[in-house]
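Encoded as structure tokens, the structure appears first; notes follow it.
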Amino acid sequence: MTARRLTGAPVAQRLRAEAEDNVTTLRERGVVPGLAVVVATDNEATLWYVRSIARAADKAGVHCRVVDLGAGAGADQIASTLTLLSADEDIHGIILQTPLPPGVAVDELVAHISAAKDVDGANPLSLGRLTVGQRAFAPATARAVVEILEHYEVPLAGRHVSVVGRSAVVGKPLLQLLLQRDATVTVCHSRSRPLERYTSEAEVVVAAVGRPGLLTGDHVQEGAVVIDVGTNVLDNGDLVGDVEPASTAEVASALTPVPGGVGTVTTALLVLHTTQAALQAGEELASAQPSGSGASA
């Protein structure tokens with residue numbers, strides 16, 4: 001068996017088209033959607049990713065403001081920046097990019113992002129709303145997994161999905177998104193041993209740990225669908241996932257590539273979420289206007 005490649009390109013293309021439609025609507029209303037990416041690192045891989053977000057935003061007609069605070073930024077400076085951006089009417093989406101400087105905890109800072117502008121679902125309020133099924137932006141990477149599965153018509157209702165990784169960025173929010181689609185979900189982590197005991201029973205396996213070669217063909221059952229969320233940079237500069245593709249492709253029925261899989265969709269979703277946040281802000285502003293408050297002739 002040779003696994004089908006579930007590439008992210010057609011999914012991202014559809015999401016970009018939706019974002020561009022939203023931008024057209026917003027510009028007709030005199031609104032230019034704005035995305036702010038706060039950076040406090042000199043990590044080249046991270047800066048490359050931020051540039052890719054900026055390019056995707058620019059292509060869709062979304063203004064992207066990269067706020068580079070430098071690798072020496074402190075928690076107070078980052079918090080005040082997020083607070084100011086949350087109050088900025090020209091900014092509709094905010095991302096706090098990791099990694100942060102040593103000693104600066106991301107968990108303590110994301111609460112300073114307005115939930116209405118939290119387009120990467122990092123604020124605990126956003127995660128709580130997602131858990132109880134209220135309107136919130138899901139973390140883009142977690143939603144990207146579901147978007148790919150649905151695009152390629154992979155059934156989820158009643159099926160067993162094994163998610164390897166329990167981070168607040170992917171594993172935990174993905175659990176909620178899968179439960180909303182009636183999947184039966186097993187979440188694995190560093191103490192789930194042996195790992196293949198859980199993954200080999202699943203019809204869909206998602207690897208989201210950040211460890212090259214974590215999953216091989218020995219970890220999955222014949223015909224499983226495997227989604228590789230991992231993005232790991234090797235010493236030679238190559239980008240690889242958490243799944244060993246050669247052995248897994250011999251067993252699985254479908255596999256996402258790295259690069260060219262989940263990451264492509266994640267970037268498109270961040271731009272789409274920004275346009276949706278701008279539309280929601282306009283709706284809330286309109287509903288807050290007193291009846292008959294329009295300009296007189």
> Across the range 214-237, which residue is surrounded by the most Cβ atoms within 10 Å (Cβ to Cβ) among those that are part of a loop (DSSP other than H, G, I, E, B) and within 22 Å of the chain's Cα centre (by Cα)?
Replying inline: Val229
>> Filter the range 36-92 down to the residues that are over 24 Å from Thr231 (Cα atoms) and touching a residue at least 60 places away in the same chain (Cβ under 8 Å) and list them by number.
In response: Ala60, Val62, His92
> Filter the range 185-198 for residues that are within 23 Å of the chain's Cα centre (by Cα) and among the polar types (S, T, N, Q); which is surrounded by the fewest Cβ atoms within 10 Å (Cβ to Cβ)?
Replying inline: Ser190
> Restricting to the range 238-274, what's the tally of residues that are more than 15 Å from the chain's Cα centre (by Cα), in contact (Cβ under 8 Å) with a residue 24 or more places away in the chain, in a helix (DSSP H, G or I) and surrounded by 17 or more Cβ atoms within 10 Å (Cβ to Cβ)?
Replying inline: 2
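Okay, residues lined up against (1) in contact with a Gly (Cβ under 6 Å, 6 or more places away or on another chain); (2) part of a helix (DSSP H, G or I); (3) assigned by TED's automatic domain parsing to the domain that holds Val226; (4) at pLDDT 95 or above:
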position: Asp107; (1), (2), (3), (4): no, yes, no, no
position: Val119; (1), (2), (3), (4): yes, no, no, yes
position: Ala122; (1), (2), (3), (4): no, no, no, yes
position: Ser126; (1), (2), (3), (4): no, yes, no, yes
position: Arg135; (1), (2), (3), (4): no, no, no, no
position: Ala144; (1), (2), (3), (4): no, yes, yes, yes
position: Glu147; (1), (2), (3), (4): no, yes, yes, yes
position: Glu150; (1), (2), (3), (4): no, yes, yes, yes
position: Leu156; (1), (2), (3), (4): no, no, yes, yes
> Can you name every residue in the range 52-76 that is surrounded by fewer than 18 Cβ atoms within 10 Å (Cβ to Cβ) and touching a Gly at 6+ places or on another chain (Cβ under 9 Å)?
Replying inline: Ser52, His63, Arg65, Gly74, Ala75
> Do we have any residue at all in the range 176-184 that's buried (at least 16 other Cβ atoms within 10 Å of the Cβ) and either part of a strand (DSSP E or B) or free of Cβ contacts under 8 Å to residues at least 24 places away in the same chain (or both)?
Replying inline: no
> Among the residues of the range 6-54 satisfying the criterion of being assigned to a loop (DSSP other than H, G, I, E, B) and among the small types (Gly, Ala, Ser), which is nearest to Thr256 (Cα to Cα)?
Replying inline: Gly8
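The values are calculated or read from the model by the stated rules, or taken from the named source; none is laboratory data. A quick note: this is a predicted structure, and the numbers were derived from the prediction, not measured. Quick reminder, even Gly has a Cβ in these numbers, built from the backbone with ideal geometry, and neighbours come from all protein chains shown.
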